[in-house]
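Data first, discussion second: the structure below is written as structure tokens.
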């Protein structure tokens with residue numbers, strides 16, 4: 001079939017995908033078959049100017065349930081740069097199995113005026129009926145993906161209940177037999193695991209054990225993935241050490257959700273040693289593993305950071321003589337890796353909270369003169385919002401008129417008479433639509449700024465006289481409206497408060513609080 005000289009050139013990108021890597025090593029695999037079918041379809045449309053691009057967009061071993069795919073990322077980038085006019089796939093579910101992701105991609109296609117074609121499912125995305133058929137097909141694709149996920153979960157559950165290893169990250173003390181996919185004991189690692197359990201019984205605390213393992217140079221299990229990526233091998237800290245000590249696999253068992261079943265693999269730790277360690281872990285954990293969120297009113301939770309370690313400081317407490325509770329904030333680096341790893345270590349909660357609130361109280365007093373200025377600025381913002389809303393209504397009406405005009409131009413009788421005006425009408429509609437989108441973004445940005453400004457004004461007005469009557473949870477909420485972060489320097493005993501960018505006094509930059517006294521820093525360690 002000869003090419004129509006008047007037909008413009010349509011640059012066609014072929015996208016292929018396969019969920020697993022099985023069979024990709026073959027000379028002619030599923031990706032090649034999909035591409036061959038797409039090329040044949042493009043060849044059949046050569047008279048319309050369709051031309052396949054040489055660039056290959058192949059995702060082998062990637063699920064269609066999300067958009068985390070390298071070839072898809074390249075495809076979308078090339079669409080954004082205007083290199084593609086049409087995307088051709090073998091089936092719709094090759095592009096995506098998620099209705100939400102597909103809708104987002106179609107929005108991108110429409111914005112760039114890129115058409116979409118499925119070789120085995122004939123439809124036209126330019127028509128409303130074509131979009132309906134496309135969404136129906138994609139809904140079934142998403143349904144199929146969810147069914148496959150349910151089957152996989154059921155298979156894993158059945159395998160775990162029979163005591164089988166069903167995959168996951170390798171654990172220290174065991175290797176995975178490549179032939180049977182069963183766990184086999186790694187004798188050198190198993191000896192280390194038993195030594196770690198014995199160390200915990202000796203020290204009766206996670207942190208001294210982690211420090212001892214770091215001194216010995218012992219690290220967590222290291223393994224290499226099928227793609228050749230080296231994972232694991234990190235130093236021990238309280239988190240991964242706790243996970244190791246509570247892993248039922250070392251007792252020769254398998255866990256599925258809250259169920260524990262006898263496993264096929266051999267146990268590394270004896271039942272008596274296992275029970276002693278679990279009993280000690282439960283006794284040391286006051287909450288028994290239940291989540292306790294800000295139970296004792298730590299109003300700087302999520303805001304306070306250790307400047308020396310560049311990490312968060314978490315609220316905790318200690319009880320002396322079974323009566324008095326002492327609250328303080330502890331550097332998470334010191335908590336996980338030991339006191340010697342951080343110069344700040346900890347700081348009394350009441351003292352640092354008092355300093356932060358005192359600084360904000362002083363600033364809130366200076367805010368009284370700024371309230372009138374904020375009110376005037378808000379009046380100007382309200383006027384601008386009203387003007388933008390009027391302009392939005394005008395553009396919406398203009399877009400409706402443009403749609404009606406285009407429908408008339410596309411009718412068979414008027415196309416012969418007014419066909420010359422169709423490109424101009426399309427360009428005018430696209431310009432109006434672009435202007436409307438830009439206006440909506442301005443409205444959203446201005447409305448968000450107004451809401452945040454109102455919240456900041458309310459937060460500043462709370463300090464006098466209502467602050468002391470607020471519940472700690474409410475005080476924490478007020479601080480989060482105003483503060484971006486609070487940094488504590490344990491070496492110099494200094495405190496820095498950085499205000500949020502959307503609170504009015506943030507123009508002053510970083511506020512320096514008075515340095516903590518030597519007595520304060522000494523009692524924290």
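Of note:
- A single member of 297, 302 is at pLDDT below 80 and farther than 22 Å from residue 192 by Cβ, and it is 297.
- Scanning segment 140-148 for residues that are part of a helix (DSSP H, G or I), touching a strand residue (DSSP E or B) at 6+ places or on another chain (Cβ under 6 Å) and outside the structural domain of residue 278 (by TED's automatic domain parsing) turns up nothing.
- Considering segment 1-19, and only residues there that are assigned to a loop (DSSP other than H, G, I, E, B) and modelled with pLDDT of 85 or more, the residue that is surrounded by the most Cβ atoms within 10 Å (Cβ to Cβ) turns out to be 19.
- Flag for residue 21 being over 19 Å from residue 117 (Cα atoms) and touching a residue at least 40 places away in the same chain (Cβ under 8 Å): yes
- Condition met for residue 24 (part of a helix (DSSP H, G or I) and either assigned by TED's automatic domain parsing to the domain that holds residue 115 or within 18 Å of residue 11 (Cβ to Cβ) (or both)): no
- Of the helices (runs of 4 or more DSSP H) lying entirely inside segment 152-254, those containing at least 1 residues that are under 29 Å from residue 333 (Cα atoms) and in contact with a strand residue (DSSP E or B) (Cβ under 6 Å, 6 or more places away or on another chain) are 206-216.
- Contact annotation: residue pairs with Cβ atoms under 6 Å, 6 or more positions apart or on different chains, pairing a residue in segment 208-230 that is within 14 Å of residue 189 (Cα to Cα) with a partner that is assigned to a strand (DSSP E or B), are 219/235; 220/232; 221/232; 222/232; 223/231; 223/232.
- So residue 226, is it over 33 Å from the mean Cα position of the chain (by Cα), farther than 22 Å from residue 255 by Cα and exposed (fewer than 15 other Cβ atoms within 10 Å of the Cβ): no
- Those residues of segment 336-350 which are assigned to a helix (DSSP H, G or I) and surrounded by fewer than 19 Cβ atoms within 10 Å (Cβ to Cβ), in sequence order: 339, 340, 341, 350
- Of everything listed in (1) closer than 16 Å to residue 59 by Cβ; (2) under 25 Å from the mean Cα position of the chain (by Cα); (3) modelled with pLDDT of 85 or more, the single unmet condition for residue 90 is (2).
The values are calculated or read from the model by the stated rules, or taken from the named source; none is laboratory data. If you're wondering where the values come from, they're calculated on a predicted model, not measured in any experiment. When we count neighbours, we look across all protein chains shown, and the Cβ atoms used for this are built from the backbone with ideal geometry, even at glycine.
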